[in-house]
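Colleague: Take a look at this one; I'll ask things after.
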Ligand SMILES: Nc1ncnc2c1ncn2[C@@H]1O[C@H](COP(=O)(O)OP(=O)(O)O)[C@@H](O)[C@H]1O
Ligand SMILES: [Mg+2]
């Protein structure tokens, strides 16, 4: 109840029935509202509804509450209207933003009595029935109780490390007034294959799930057709009414947007790169999959109370234009895991070896847990889990699954992107833009080189240092091997 300024708040507002409550200690009222919020939560009040309640309680206008919560005042008015409806049903009395205190005051004695009783059955307060809550909250048939569909989200019980990163991502997703972070409507977790995007998204989503009424995890691994995807999403959400309204993709997006406005949902779209085209600059949707781009654009641009986490090897088009430190759209490049977390994964797998061998092996895998796991599988199968035996025979990781992982990413590049990565591999050190443009450019216009570099960066395949562009060492190694074999 941090915003309620409970202790000795002087109240001198004329309430709408003409009463004036003067210089009254709000201790009891604080107790009442705490009770009210706890009584209704978690079944009804979303975070935003609670914030509106707190703001109204301390006499703030919608504009002020919007400033504090980084929202749009008109949108909050809608949230408020819904909230007063819920409270009216809960208290069996017409509750408005202006009379909330007075009504609660009137219920004072009853509620204090209630606090002394132990069983809810004895409560002489109008009960909020499940069906009343349903209609009160949404004004239609929709879901009010919390709902979770984790789909094929990975289990997070063996997740290691990234503690600080998770804390920051949580602040981005939920918003943090102290740091001036606005809640994210879209949060993209980007990075090369196997680096841990899906695992991080699952861990983050589980961490923030209590703040959402509805959590739905959807994998795009099999590149589902957009209309089927939408229908399934809507069907999963349980809002049959919405499902029935429209059978055009646009109509269904409208319905979904409406749903995201009415409910606090967390949607996770995993493996978004599977619906992006290869052989072109990064981030472009496959033919027939542009509907996903349209959906994401609307989720980014329109006002609602939900959030979407996406994971992708490439940054989808349209994201860069909207993202920023104070924006509602954020992206985060997932980098390699810290060595201690990598060592824990090895420990989970039961790999043996001296401490220095284990550390050396983790360094070789460059923080990529998938590479580590694939190499570990070989060591288990062929070297009875003895890391030293593996390393003494072969320190090369570029075979089988690991080669394929890197090859897949290389094959997705446009012709110019491939040329740039080859050049960087041959240079074997940082290269500046001028060097790249002079050596690769020739007749290629600068703007195309800029586009290609941006695209490589969006795929997390190059990084920018003070002296120029560099590639990840394992990718560099892959490219050199490829050049030699050509
Ligand atoms: N922080 C972590 N702790 C333990 N295992 C992890 C962690 N991050 C990723 N992994 C494991 O590494 C593998 C690759 O991770 P994944 O999230 O699928 O990568 P990506 O989505 O980036 O391709 C998975 O088996 C996953 O369980
Ligand atoms: Mg993944």
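No value in this document is a laboratory result; all are computed from the given coordinates. In this text, all values refer to a predicted model and were calculated from it rather than measured experimentally. Neighbour counts run over all protein chains shown; Cβ positions are idealised from the backbone, glycine included.
Colleague: For residue 465 and residue 156, what does the FRET efficiency come to when R0 = 22 Å and r is the distance between their Cβ atoms, rounded to the nearest 0.05?
Modeller: Using R0 = 22 Å, I get an efficiency of 0.10.
Colleague: Continuing with the same structure: Run the numbers for residue 333 and residue 363: contour at 0.36 nm per residue of separation, minus the present Cα-Cα distance, in nm.
Modeller: Computed gain between residue 333 and residue 363 is 8.8 nm.
Colleague: When each pair of different Cα atoms in the range 51-102 is counted once in the 1/r mean, what is the Kirkwood radius in angstroms, to one decimal?
Modeller: One over the average 1/r among Cα pairs gives 10.9 Å for the range 51-102.
Colleague: Also, quick follow-up: Would you mind computing, in nm to one decimal, how far apart the modelled labels at residue 434 and residue 450 are, each placed 7 Å from Cα along Cα→Cβ?
Modeller: Label-label distance for residue 434 and residue 450, simple model: 1.7 nm.
Colleague: Give, in nm to one decimal, the length gained when the segment between residue 166 and residue 398 is fully stretched (0.36 nm per residue of separation minus the Cα-Cα distance).
Modeller: 80.4 nm
Colleague: Hey, another quick one. Rounded if a/c is under 1.5, else prolate if a/b is larger than b/c, else oblate: which is the range 358-486, with a ≥ b ≥ c the root eigenvalues of its Cα gyration tensor?
Modeller: In terms of gyration-tensor shape, prolate.
Colleague: Still on this structure: Say R0 is 56 Å: what FRET efficiency, to the nearest 0.05, do residue 298 and residue 378 get from their beta-carbon distance?
Modeller: Efficiency, from the Cβ-Cβ distance: 0.75.
Colleague: Let me ask you something else. Using the number of other C-beta atoms within 10 angstrom as an exposure proxy, rank 460, 58, 312 with the fewest first.
Modeller: 58, 460, 312
Colleague: While we're on this one: Take each of the peptides 98-104, 259-265, average the number of other beta-carbon atoms within 10 Å over its residues, and list them starting from the highest.
Modeller: In decreasing order of mean packing, 98-104, 259-265 become 259-265, 98-104.
Colleague: So, one more: Using a 7 Å offset from the Cα along the Cα-to-Cβ direction at both residue 287 and residue 481, what is the distance between the two label points in nm, to one decimal?
Modeller: In this crude spin-label approximation the distance works out to 3.4 nm.
Colleague: Find the percent of Cα-Cα distances in the range 349-421 that exceed 21 Å, and round it to a whole number.
Modeller: I get 32 percent for the Cα pairs in the range 349-421 exceeding 21 Å.
Colleague: Which of the three applies to the range 161-204, rounded, prolate or oblate, going by the alpha-carbon gyration tensor with a ≥ b ≥ c and a/c under 1.5 meaning rounded?
Modeller: prolate
Colleague: Which order, highest average first, do 411-417, 348-354, 469-475 follow once you tally other Cβ atoms within 10 Å for each residue and take the mean per peptide?
Modeller: Taking the mean over residues of other Cβ atoms within 10 Å, the ranking is 469-475, 411-417, 348-354.
Colleague: Please find the FRET efficiency linking residue 443 to residue 232, where r is the Cβ-Cβ separation and R0 is fixed at 51 Å, and quote it to the nearest 0.05.
Modeller: So the FRET efficiency works out to roughly 0.60.
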